[in-house]
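A short reminder: the numbers here are calculations on the coordinates, not readings from a lab. These figures come from a predicted structure and were not determined experimentally. Positions of Cβ are generated from backbone atoms using ideal geometry, with glycine treated the same way; all protein chains shown enter the neighbour counts.
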């Protein structure tokens, strides 16, 4: 388990409401689109991060975390495990408070680096599942 229930709860309830969702595009068939909608329904500001920099759910998109001209609290990562570690490093550089790797996204070295940098982190979990589970 990469991130216990206490870490999940802290990320969802205490660390702020601006979530950068890496891999979020206008493609409604992708998991990121539905998860972003759940986050929005639970009061989170969802900022799309995707090479196309598309506007999604009414929020301006950016090509990278570094391009976002304001602070983000949580970086939610919908890229494959081979690319996720670099995104976690970008989240640390951006000053995020937490990194969340989605279901199936695991990089133990990135987890260790991110935690060592002082950020909360969970891997292989989904906030759309955890929000109702934790109440």
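If you scan the range 80-101, which residues turn out to be touching a strand residue (DSSP E or B) at 6+ places or on another chain (Cβ under 6 Å) and farther than 16 Å from residue 13 by Cβ? Steps first, please.
The initial filter retains those residues of the range 80-101 that are touching a strand residue (DSSP E or B) at 6+ places or on another chain (Cβ under 6 Å), namely 84, 87-88, 91, 96, 98-101.
Result: 84, 87, 88, 91, 96, 99, 101.
Somewhere in the range 105-121, is a residue part of a helix (DSSP H, G or I), in contact (Cβ under 8 Å) with a residue 12 or more places away in the chain and under 21 Å from residue 35 (Cα atoms)?
No, that holds for no residue.
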